[in-house]
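Please read the structure below before turning to the comments.
The values are calculated or read from the model by the stated rules, or taken from the named source; none is laboratory data. Note that the structure is a prediction, hence the values are computed from the model and not measured. Backbone-built Cβ (ideal geometry, glycine too); neighbour counts: all protein chains shown.
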Amino acid sequence: MNNILQNQLSQFLQSLADALDISEAQYEKAVKHYEAVGDWLSKDDSPITIYEPQIYPQGSFRLGTMIKPFNDADQYDIDLVCELKALKKENVSQKQLKDMVGDRLKENERYRKMLKEGKRCWTLQYADSARFHMDILPAIPDDDINGIAREIGADLAESAILITDQELYHWQHSNPKGYAEWFKERMKVQFNARRMLLAESIRADLEEVPEYKVKTPLQRAIQILKRHRDIRFGDNKDKPISIIITTLAAQSYDNEADLLEALQNIVTKMPGLIERDEQGEAFIANPVNPLENFTDKWKKHPEKEVRFQKWLEQVKDDLDTALSAGNPSDMIESLKPSFGDRMVNEVASKVFPDLSRAATAAVSIAPSINITKPSKPWGHE
């Protein structure tokens, strides 16, 4: 293998992930907005303040694996939990809980105009210029965690919650805080090392470096996989869901320091981590709730698993093709079908500026041809 090209591809992928990430300003704006929502929900005059509401992020925003929307017209989706810490399921129904949070949001004139109700959550649709919306999921503590605690440990289990769902009679279980802690544990070697390097580079104490500023190869690999999926699948309903990609990637990650090496190892190991139940059906357990199967829809729609497996093969093939290219220019061209022409060109202009200058020069000195009569389609005279 060409070590020079391998290093160039790793450098390119790192820059690609940087370009996919939301900016620091966008992150801080989102935090500012959800903290304002939390303040409103917990004000002294709020009807739900006696239940000790806490609002916190979940999903890709919390994990540091969020990516920019593919189209400029699309929005960022910020997932939040509004947990009423002092409320028990014996004292409230799912509908009552959801209405309590929604009614309080409606008391704010600004939020009332932005608010939409979904199956599980309330959505705050911010102005187009903000380019994001917030999904607020009402929740209460899950006190029935003894069985889960035996499986995953009390530290992770104690953050389990119960959430609402209009279409399901029973309370649904979730644990976004526990999942985030599990995810962080999977990458702690690289996370701690990179946080320390960042602290040293800015001459700050370790605790002064915000965690969201630290990005590990695991987080970057997931961002790259998600964009590859979005390009390859488009709007296809069978495209792999992010929680499956994130879970299998985290389980596969061996704290590799190099992004390309991490990505190659992840896509190689992922298929072998899909377990089978007694009926031979695929099973990917939620690491903080072993009874939850992230592939529950695969049984009814087996084509989802087939396409997932084929997609992983496609990722491996794309990396192999890029590595077998004879030069950086061919490598860049090979990546465009998987990551989009515009994004690849933007990243390439930063990683390989000489190539961009050469391409510009070639265009500027290309001979001009005057066509006095338009050509006709082939086969016509």
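Within the set 54, 6, 14, 26, the sole residue that is within 27 Å of residue 243 (Cβ to Cβ) and in the same structural domain as residue 257 (by TED's automatic domain parsing) turns out to be 14.
Which one is modelled with the highest pLDDT, of the residues in the range 21-46 that are in a helix (DSSP H, G or I) and of a type in the set (S, T, N, Q)?
Ranking the candidates gives 42 first.
The residue of the range 271-298 that is nearest to residue 237 (Cα to Cα), among those that are polar (S, T, N, Q) and part of a loop (DSSP other than H, G, I, E, B), is 295.
Can you confirm whether the range 176-194 contains a residue that is farther than 20 Å from residue 61 by Cβ, at pLDDT 95 or above and either in contact with an Asp or Glu (Cβ under 9 Å, 6 or more places away or on another chain) or not in a helix (DSSP H, G or I) (or both)? Yes, the range 176-194 has at least one match.
Take the conditions (1) assigned to a loop (DSSP other than H, G, I, E, B); (2) surrounded by fewer than 16 Cβ atoms within 10 Å (Cβ to Cβ); (3) touching a Gly at 6+ places or on another chain (Cβ under 9 Å); residue 159 misses just one of them, which is (2).
Every residue, every condition in (1) surrounded by 14 or more Cβ atoms within 10 Å (Cβ to Cβ); (2) assigned to a helix (DSSP H, G or I); (3) touching a helix residue (DSSP H, G or I) at 6+ places or on another chain (Cβ under 9 Å); (4) at pLDDT below 95, yes or no:
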{"residue": "306", "(1), (2), (3), (4)": "no, yes, no, no"}
{"residue": "312", "(1), (2), (3), (4)": "yes, yes, yes, no"}
{"residue": "315", "(1), (2), (3), (4)": "yes, yes, yes, no"}
{"residue": "325", "(1), (2), (3), (4)": "yes, no, yes, yes"}
{"residue": "336", "(1), (2), (3), (4)": "yes, yes, yes, no"}
{"residue": "344", "(1), (2), (3), (4)": "yes, yes, yes, no"}
{"residue": "355", "(1), (2), (3), (4)": "yes, yes, yes, yes"}
{"residue": "361", "(1), (2), (3), (4)": "no, yes, no, yes"}
{"residue": "369", "(1), (2), (3), (4)": "no, no, no, yes"}
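When restricted to residues that are crowded, with 21+ Cβ neighbours inside 10 Å and without any contact (Cβ under 8 Å) to a residue 40 or more places away in the chain, the range 58-91 contains 1.
Among residues of the range 96-108 that are assigned by TED's automatic domain parsing to the domain that holds residue 134 and among the basic types (Lys, Arg), those with a beta-carbon under 7 Å from a residue that is modelled with pLDDT of 95 or more and not in a helix (DSSP H, G or I) at least six positions away or on a different chain give the pairs 98/138; 104/46; 104/47; 104/48; 106/115.
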